[in-house]
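One structure is given below, encoded as structure tokens.
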Amino acid sequence: MPTPLEKWVEEQAQLTKPAEIYWCDGSEEEARRIVEIGMKKEKIEGQPIFHQLNQKTYPNAYLHRSHPTDVARTEHLTYICLPDRETAGPNNNWMEPDKAKGRLRQLSDGCMAGRTIYVLPYMMGHPDSPLAKACVQLTDISYVAASMRIMTRLGKDVIRKIGRSENFVRGFHSVGDFDPRRRFIMHFPEENLVWSIGSGYGGNALLGKKCFSLRIASWLGKKEGWLAEHMIIIGVEDLQGKITYIAAALPSASGKTNLAMLESALPGYKIWTIGDDIAWIRIGANGRLYAINPEFGFFGVAPGTSFQTNPNMMRTLRANLFYPTIFTNTALNLENNEPWWEGIDGPVPAKLLDWRGNPWQPSSKTTAAHPNSRFTVWIKHCPTLSPEFENPPGVPIAAILFGSRRSKVMPLVLESFNWARGVLMGAIMGTETTAAATGKVGVLRRDPMAMLPFCGYNMADYFGHWLRMGEKMTQPPKIFFINWFRTDESGKFLWPGFGENIRVLKWIIERAHRSTQDGAKETPIGWVPEKNSLDFSGMKISEENFKKLCTVDGEEWKAELENAQAFLAQFGSRMPLEIWDEFNNLKTALLKS
Ligand code: GTP
Ligand code: SPV
Ligand code: MN
């Protein structure tokens, strides 16, 4: 008798009619074979899937050019399919599950004709972690198969682990014909199912990432009492060698990967990397929060990455282990066959192909690398990887950070008065949009806890879940807000960022361990640092710029709250009353100031 997994694969194959079914085993040999197929056999618009890069300087690295319409997450084509619209909430596109499946079945009928269907068995989380989940994704493109091998713990053991169980997360993926008019990323939280067609792009196609580990997992977390968050996890080692673990949420393309492998500008401090994008967080038996990174690789933004800004990532990209490294939609330096992007070290090469493969000159109107060009790289390449990464229960979290891109309004760092106020402030977080999703860049939108595109249910219920989690803990972590992106009148960043961010992290871990309010100034929205409480050794900053960075402007905040109020009001009577209570307290404090 076939197992439920075999039966499911067979049914999908009957629908999509591939020429071949290929069960991936996770072996080293297979890594080479899949890349080989992508270089020689599979094509997108007549172009090979992979181009081999300079093997001396970038060992085992390949360049992938996506379909030109398929370069970022498409939030408008992403749906949560639950029986009623209210449960999905105003934060999600919604379709009734049967209707959605009818639509998808029609689009998937015969969509893999002549192609190979790859069966990818993988774990999210260490198999011994209490939160780990066994998953299987189907796909019809070598790029996704190779990427999933990098991003997850993929291997045939998972098939044994699933055995005859029905309990595995199903991900169905086909690139279809890449036509955005026939592109959908549909989630069925009640069935542990993601069905994605028409796109090969990261968050749309690597279904273990945003689709499962955030949208579906957030729904599971709500049901089972844990959190799935768009957060990095790092250990901050101080001069005494003590490591404090923190989790930090920032919206897409807003500094998570950089913060996760920061090289400290303060001697004696060190960052240990556990995760750069997703955290699964539960309350341990001792009433404290514990977090794991369910992934096994980085899918990072290329532009801006250099030995100046993120040396540890540059080293990660050049390491040589058996998993290939993939560059997607970067430019190609024809002189040395290396990937290239805006912001990388050194002068602009004389002979470049842009991300679409066309000759590029500095006078060209577009950037050479796509603004959302990325690399996919195995986490074991990372020189700062924490030994705790493989610890199944995860690490204890002492502070939670929320950050965003705000040219004004938000100070460099802010400590919230308490958990509930931190949840409210997280709920009204605003950010200027980036190229990680299609749409206009640089417009302000509310992005609660950096989860707006990733919460698989009504965010009013999500805020309630956060409040309940706070009540259940014996020692809830302190909540902080950070903003590396405040600018002066001429639009220049006021804060140098990157390795210098350690100064802010130092302030945060000290406050997380200390109960006095020394060194901090109380404002209506929380505590901001006094200049002498931040360690500026080895760095110059003017009194004036420090003041600008940490200003909480009453007038700006009144306008901010008005905008935030309209956002919260969308959730109607489903919004927990405590959120409105906290909002009103905040507003009263601001009006008094
Ligand atoms: P996703 O992978 O989309 O979730 O992005 P991310 O949040 O991991 O962002 P990432 O660290 O890749 O940074 C995105 C962009 O922001 C890059 O171009 C960085 O160079 C830039 N950036 C990161 N940290 C800082 C910082 O401290 N200051 C400034 N000014 N820019 C930064
Ligand atoms: C993000 O957009 O937050 C990313 C890239 O990390 S993606 O995998 O596309 O979601
Ligand atoms: Mn992300």
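Along each of its three principal axes, how wide is the spread of alpha-carbon positions in the chain, in whole angstrom units, largest first?
69, 56, 44
Of all trypsin sites (Lys or Arg not before Pro) in segment 425-476, which ones are in loop regions per DSSP and have a Cβ with at most 13 other Cβ atoms within 10 Å?
In loop regions of segment 425-476 (DSSP not H, G, I, E or B), the sparsely surrounded trypsin sites (Lys or Arg not before Pro) are Lys440.
In deg cm²/dmol and to the nearest 500, what is the mean residue ellipticity at 222 nm of the chain if only DSSP H runs of at least 4 residues count, each as -39500 (n - 2.57), divided by the residue total?
-8000 deg cm²/dmol
Return one whole number: the accessible area per residue of the chain in Å², for a 1.4 Å probe. Could you put the intermediate results ahead of the total?
Working: 22290 Å² over 593 residues.
Using a 1.4 Å probe on heavy atoms only, each residue of the chain averages 38 Å².
If you count the DSSP beta bridges with both ends in the chain, what percent of them are antiparallel, to the nearest 5? Please list the in-between numbers first.
Details: 67 of 100 bridges.
So the antiparallel bridges in the chain amount to around 65 percent.
Could you please state, rounded to a whole Å, how far the C-alpha centre of segment 458-531 is from the C-alpha centre of segment 1-71?
What the calculation gives is 42 Å, centre to centre.
In segment 158-185, which residues have a backbone nitrogen under 17 Å from the label point lying 7 Å from Lys99's Cα in the Cα-to-Cβ direction?
What the label zone holds, given the 17 Å backbone N cut-off, is 184-185.
Of the accessible area of the chain, with the probe set at 1.4 angstrom, what percent is carbon plus sulfur?
Looking at the chain in its full context, I get 51 percent from C and S.
How many angstrom lie between the Cα centre of segment 191-214 and the Cα centre of segment 78-136?
Comparing the Cα centres of segment 191-214 and segment 78-136, I get a distance of 7 Å.
Between segment 358-432 and segment 240-312, how far is it from one alpha carbon centroid to the other, in angstrom?
8
For segment 257-321, just the Cα atoms, rotate onto the principal axes and tell me the three extents in Å, largest first.
42, 28, 23
With point charges of +1 on the Cβ of Lys and Arg and -1 on the Cβ of Asp and Glu, referenced to the Cα centre of the chain, which listed residue (Val423, Thr376, Pro267) lies farthest in the positive direction of the dipole?
Comparing the listed Cα positions along the dipole, Thr376 ranks first.
Counting each pair of different Cα atoms once, what's the Kirkwood radius of segment 298-381 in Å, rounded to one decimal?
This gives a value of 13.0 Å.
Applying a 10 Å radius around every beta-carbon, put 265-271, 412-418 in order of their mean neighbour count, most first. List each step's numbers first, then the result.
Values: 265-271: 16.4, 412-418: 21.3.
With the highest mean Cβ count within 10 Å placed first, the list reads 412-418, 265-271.
Under a Cβ-only charge scheme (Lys and Arg +1, Asp and Glu -1), can you give me the dipole magnitude of segment 355-467 about the Cα centre, in debye to the nearest 20?
The calculation lands at about 620 debye.
Would you mind putting 68-77, 326-335, 577-586 in packing order, based on average other-beta-carbon counts within 10 Å, highest first?
326-335, 68-77, 577-586
Could you order peptides 78-86, 486-494, 214-222, 563-571 by the average number of other Cβ atoms within 10 Å of their residues, highest first? Walk me through the intermediate numbers first.
Details: 78-86: 18.6, 486-494: 11.8, 214-222: 24.6, 563-571: 15.8.
The most tightly packed comes first, giving 214-222, 78-86, 563-571, 486-494.
Taking the Cα centre as origin and putting +1 on Lys and Arg beta-carbons and -1 on Asp and Glu beta-carbons, what dipole magnitude results for the chain, to the nearest 20 debye? Don't jump to the answer; show the numbers that get you there.
Numbers: 69 positive and 64 negative charges, 78 e Å.
In total the dipole reaches around 380 debye.
As an exercise, use a Förster radius of 22 Å and the Cβ-Cβ distance of Glu471 and Arg288 to find the FRET efficiency, rounded to the nearest 0.05.
The computed FRET efficiency comes out at 0.95.
Please list, ordered by chain and number, the residues whose modelled amide H lies under 5 Å from the amide H of Leu352; skip anything fewer than 5 residues away on the same chain.
Amide H neighbours of Leu352, under 5 Å, 5+ apart: Leu334, Trp360.
Rounded to the nearest 20 Debye, what is the dipole magnitude of segment 298-381 about its Cα centre when Lys and Arg each give +1 and Asp and Glu each give -1 at the C-beta?
So the magnitude is around 180 debye.
The values are calculated or read from the model by the stated rules, or taken from the named source; none is laboratory data. Here the structure is a predicted model, which is why all the values come from computation and not from measurement. Glycine gets a Cβ as well: all are built from the backbone with ideal geometry, and neighbour counts include every protein chain shown. Ligands, DNA and RNA are stripped out before the accessible areas are found, and what is left, the full protein with its side chains, is counted by its heavy atoms. Shrake-Rupley method; radii C 1.70, N 1.55, O 1.52, S 1.80 Å.
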